[in-house]
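Take a look at the structure set out below.
The values are calculated or read from the model by the stated rules, or taken from the named source; none is laboratory data. Bear in mind the structure is a predicted one, so any value in this text is a computation, not a measurement. Neighbour counts are summed over all protein chains in view; Cβ atoms, including those assigned to glycine, are modelled from backbone coordinates with ideal geometry. All accessible areas refer to the heavy atoms of the entire protein, side chains included, with ligands and DNA or RNA removed. Shrake-Rupley method; radii C 1.70, N 1.55, O 1.52, S 1.80 Å.
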Amino acid sequence: MTAEVVREGFVLAAEVEDARMRSVEQLHLLGSEPEERFSRITRMARQVFGVPMAAVSLVDRDCQWFKQNDGLDLAGTVPREQTICRATIARMYMNVDEPALIIEDARQEPDFCELPAIKAEGGVRFYAGYPLFGPGGHPVGTFCIYDTKPRSLDSEQVETFRELAGWVQRELERFDEMDRATQVQSHLLPRPLGDLPGYTMCALCLPAFAVGGDFYDHYSSQRGVIFTVADVMGKGLGAAILTASVRSALRAASRAVDEMDHRADLADAVNSVSAQLSDDLVSTETFVTLFHARLDIATGAVRYVDAGHGLALIVRKTGVVERLPSEGLPLGVMPDEEWVSHDVMLEDGETLVIASDGVLDLIGDGADVRPALEFVAQYPDPVELCSRARALAEAGAALDDVTLVAIQKTPAD
């Protein structure tokens, strides 16, 4: 770009700055806490180059904000006009061949020698900054190393500096991708069923990380309401990708079975999904635990398939918690495995609860199911149960994804 974009004092034209700031804001990092993933890089930079200071920062409209500040005696922000990094940002709009801005002795540079951090006794002398880019390709911040003595970098050191800056860039991109993945996964959770006469229902899905391997689903069918809770082995983005595949395949198979005559069984949908995804699960060495059920709203009859899930139960009106038997293997363990359906009746005042194994870690030590059973018995109301589980998850970092679906047949008056 030309001088029409970058003006005296490295000030950007208003429309360019507006676009750049949208890119900064899309990262959702401003004001966030320091993170080890950035600290590892700044510590390494200080060690590799033998410098006292290294930083990862974002350049806001009026200030430079430090996401990671290693060795710099700063409160967190510096006015933008008092930084060298504003020049590192502006150069990206000036058609330069080399993104890195390296200044061997800032006292000798007319553009920077009067900056407070440079003209101070024992201030910054050496500076190396590399631009970081946000969504849309705009420069949003810098990776920098500083020294209080003049110095230079040889060609190998410059290449190492570029590589460390590339590492920071990948971390920024990973954050942006995970943020988008989080939004997509949350939108894949079903909308509330709305009014379900004679029943109260509540559900939650709380990933341990940005995205997770758990999901729940529910939707109306010709024969009742379908409920599903599944747990794909693993956490993070890989598990989330497979989760979306399982959800989509199961929805399609269940609706196909629903349109068949009454000889078609709920287990046919699970067997169809297993056959469809078998190659993918084997090649990724992944398995899926699954509880898939259909509720007859008129009668309270529940037909279900438990594929290695093992944490579905009914809180009877007597207060007794009855675990539903789990006989089948998870999907992906044995490619030729077939599942069968079972039946159970939900009476007035009774609650069907389906949980992922993250609930065991949340309430107990993960190995003993009894604390979870006692917890569910204490809160048979679906709304209160989900509220209590959410409060526990938010009070401490959950070790695993926490998913819970609870359906109560409303007590008769």
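Here are the numbers for this structure:
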| item | result |
| --- | --- |
| Some residue of segment 255-270 being open to solvent by 30 Å² or more (accessible area, probe 1.4 Å), in the same structural domain as GLY198 (by the TED database) and under 27 Å from the mean Cα position of the chain (by Cα) | no |
| Strands (runs of 3 or more DSSP E) wholly inside segment 88-154 that include at least 2 residues being touching a Gly at 6+ places or on another chain (Cβ under 7 Å) | 139-147 |
| PRO192 being assigned to a loop (DSSP other than H, G, I, E, B), open to solvent by 50 Å² or more (accessible area, probe 1.4 Å), at pLDDT 85 or above and closer than 30 Å to GLU384 by Cα | no |
| Among residues of segment 68-115, those that are out of contact with any strand residue (DSSP E or B) (no Cβ under 8 Å at 6 or more places or on another chain) and open to solvent by less than 50 Å² (accessible area, probe 1.4 Å), counted | 2 |
| Segment 338-373, residues that are farther than 22 Å from GLY213 by Cβ and at pLDDT below 90 | ASP368, ARG370, PRO371, LEU373 |
| Test result for ARG20, farther than 22 Å from GLU159 by Cβ, touching a strand residue (DSSP E or B) at 6+ places or on another chain (Cβ under 8 Å), in the same structural domain as MET94 (by the TED database) and assigned to a helix (DSSP H, G or I) | yes |
| Verdict on ALA165 being part of a helix (DSSP H, G or I), surrounded by 20 or more Cβ atoms within 10 Å (Cβ to Cβ), in contact (Cβ under 8 Å) with a residue 24 or more places away in the chain and small (Gly, Ala, Ser) | yes |
| Selection count where residues are closer than 21 Å to GLN26 by Cα and either assigned to a strand (DSSP E or B) or touching a Phe, Trp or Tyr at 6+ places or on another chain (Cβ under 7 Å) (or both), scope segment 57-82 | 11 |
